[in-house]
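Report on the structure given below.
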Amino acid sequence: MNRRIADRAWLCAFMAMSRVAAAPTADPVVEPPAAIRGADPQLLAAVRDVGARMAPILRVAKGPAIVALRADAATRAEEARARAARTLPPSIALVRGRAWADLGLGAGNDPADLATALEADLDGFTFDRDRARLLVDPSRLATAEDAAAGEGAEAEALLLATGVAPDEPVAGHYLAHQALDPKATETGPTTDAFLARAALAEGGANVAALLLLFSGVGLEREVLSGTLRPDDALGGRLVPEAMRSAGPFTRHLLEFVYLDGFVQAAALAKDGDLRRVTSEANRRRSTRDVLHLDRPPAPVATFVTPAFPSIPSLRLVDRDVLGEQGIVTLVALTTGKDNLALIAGDGWVGDAVWRFEAAGGAGDDGVTVWSSRWLTEEDAKDAFYALTRSLQARFPSESLSEPSADARVLVRADRVHRLTRNGLEVSLRVASLPFDRALEGPAKKKGAVRP
């Protein structure tokens, strides 16, 4: 028992030192602004050395190799944006943002912000647009003398205690991506698939990075148990700045990717074999599968695309899936009730979000339809109740009518929200007033509320 207490005291002291030691430094001023520079022998040697030390962690014969080049902040940001646009094209991000806003999942810019933040990844480093080169800020992975001058005696103490310089685990994070990431072939993926893949990719990369940092001081068990978190080490270098500065919805989803993803990746690699994270990422393609490692992957649910013959001008412009985590984020941030959100998301079987817009019409004058399917009727009732609470919290001054026990209607100046439950399915339709009138038809159904 005494030894356990002593170990915990040492761990707390060490973590405090690592937070002080690695406080991020500001990007240096480069005149004129530099694009991607030529070869830097010192940088190449530093990355090669990290790769050699990562080899046993990744259980590969030879450390991952990648060309590393110096690049300023503007260049790194542009390369990340280019990758994000390739993953989620701006035209899809735009209409998806309008659907999210209808449902209450942030503002219209959140899908694009999320994609960009995930592609940018950790501060001071990023891949180029083809993921063929690692772009490193001029101040990062500097010589030992430069590092000591830039970060003070604490950085030297960290190096002496662990044999690892503050930027080396960040470089290890990217080398782990090279070795572990499942290959993404989908353009414009659903939100659910995008988050699931990112969570295990970032989680696995950070498990590897923390093993590099702490294995020299005998703390591998703490890393693989999830006790040591990436946001607690190295002054937060192993999580993106956007996790602190982005809007609430993007920030909440990034926390799922970098924090929940880390815990789940550590659980998968509890025997130290990070290759299992890759194999499970190829099987667990939904956030439900990532959140519930004790359950086998869920089969893909199929939904019939709604048809609107009364409005022939409407065309489908995007189809998305929010997944369990999307629902948890939506309910948590609109109601402020984390426990309600967790209850609402559990039991998810599948969902689909369709965004319809009229050809040539105003982009925000469209129809968003969200259908979700649940494991049991009790789960469906929980989701229906949580979404009712979400509507009430979003529009506290508006009246929410109840045409029946399983229907809610909220009419606003610019939108009509219709929430319904039918057995195991819960649906929400959001439409502008003219479209809602057309979709409801001239014959007013008994008990229905018309604007």
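The table below gives the values:
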| item | result |
| --- | --- |
| FRET efficiency for residue 424 and residue 315, using Cβ-Cβ distance with R0 set to 35 Å, rounded to 0.05 | 0.75 |
| Mean Cβ neighbour count within 10 Å, used as a protection proxy, ranking 318-325, 205-212 highest first | 205-212, 318-325 |
| Anchor residue 270: aspartates and glutamates whose Cα lies under 12 Å away (excluding residues fewer than 8 positions away in-chain) | 220, 222 |
| Convex hull volume of the stretch 285-357 per residue (C-alpha atoms, cubic angstrom) | 108 |
| Ordering of 44-50, 305-311, 335-341 by burial proxy (mean other Cβ atoms within 10 Å per residue, highest first) | 44-50, 335-341, 305-311 |
| Descending semi-axes in Å of the stretch 314-440, equivalent ellipsoid built from Cα gyration tensor | 24, 17, 14 |
| FRET efficiency estimate (nearest 0.05) - Cβ-Cβ, residue 339 to residue 45, R0 60 angstrom | 0.70 |
| Relative contact order (%) - criterion: Cα under 8 Å, at least six apart; region: the stretch 314-440 | 22 |
| Extension gain from residue 279 to residue 413, taking 0.36 nm per residue of separation minus the Cα-Cα distance | 43.3 nm |
| Sorted peptide list for 77-88, 250-261, criterion being average Cβ within 10 angstrom, highest first | 250-261, 77-88 |
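Just so you know, all these numbers are worked out from the coordinates, no wet-lab data involved. Since we're looking at a predicted model, the values are computed, not measured. Reconstructed Cβ throughout: ideal geometry from the backbone, glycine too, with neighbour counts over all protein chains shown.
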